[in-house]
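Q: For reference, the structure I am asking about is given below.
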Amino acid sequence: MTFEPTPAAAPMVPPVLYLPLGVTSTPEEQLVEIRELKDGRRALLAYTALDRLLELAGERQPWVLVRTEDLGQIKEAQPYDVVIFDLDVPASYRRNGAIA
């Protein structure tokens, strides 16, 4: 009997994502949180559920709900290289219950 390796399943991405807003964001211009990584790439922070965003980014973190299919529009306005899902932002990078 031979066994065939099964292909790795693609990661499950929900139809909507909660994106933290940056500190320079205003009601007129909502700017999502994009961070530069050590290797120079720019990362979009995205959360798969509101409770995860509030727990992992801060209970006072402003956010916007975005359809996953609309990420391309955000990338045009605010270029990024990778998306990081459900990142636990260390307390040292938070201030007053939100990403600093």
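Q: Find the residue count for the stretch 64-84, including only residues that are in contact with a helix residue (DSSP H, G or I) (Cβ under 8 Å, 6 or more places away or on another chain) and of a type in the set (D, E).
A: 0
Q: Then there is this: Please verify whether Y80 is at pLDDT below 95 and in contact with a strand residue (DSSP E or B) (Cβ under 7 Å, 6 or more places away or on another chain), treating the condition exactly as stated.
A: No: the conditions fail for Y80.
Q: Here's something else I'd like to know. With respect to P20, determine if the residue is within 20 Å of D70 (Cβ to Cβ), at pLDDT below 95 and either part of a loop (DSSP other than H, G, I, E, B) or touching a helix residue (DSSP H, G or I) at 6+ places or on another chain (Cβ under 8 Å) (or both).
A: Criteria not met by P20.
Q: Same structure again: Restricting attention to the stretch 35-92, report how many residues are assigned to a loop (DSSP other than H, G, I, E, B) and in contact (Cβ under 8 Å) with a residue 24 or more places away in the chain.
A: Here is the first cut: in the stretch 35-92, the residues assigned to a loop (DSSP other than H, G, I, E, B) are 37-41, 48-49, 58-62, 78-81, 86-90.
Those still in the list that are in contact (Cβ under 8 Å) with a residue 24 or more places away in the chain too: 37, 41, 48-49, 58-62, 78-81, 86-89.
The qualifying residues number 17.
Q: For the stretch 62-100, what are the residues that are under 16 Å from I34 (Cβ atoms), under 14 Å from the mean Cα position of the chain (by Cα) and surrounded by fewer than 12 Cβ atoms within 10 Å (Cβ to Cβ)?
A: Correct list: D70, G72, P79, V82.
The values are calculated or read from the model by the stated rules, or taken from the named source; none is laboratory data. Not measured: the values here are computed from a predicted model. Backbone-built Cβ (ideal geometry, glycine too); neighbour counts: all protein chains shown.
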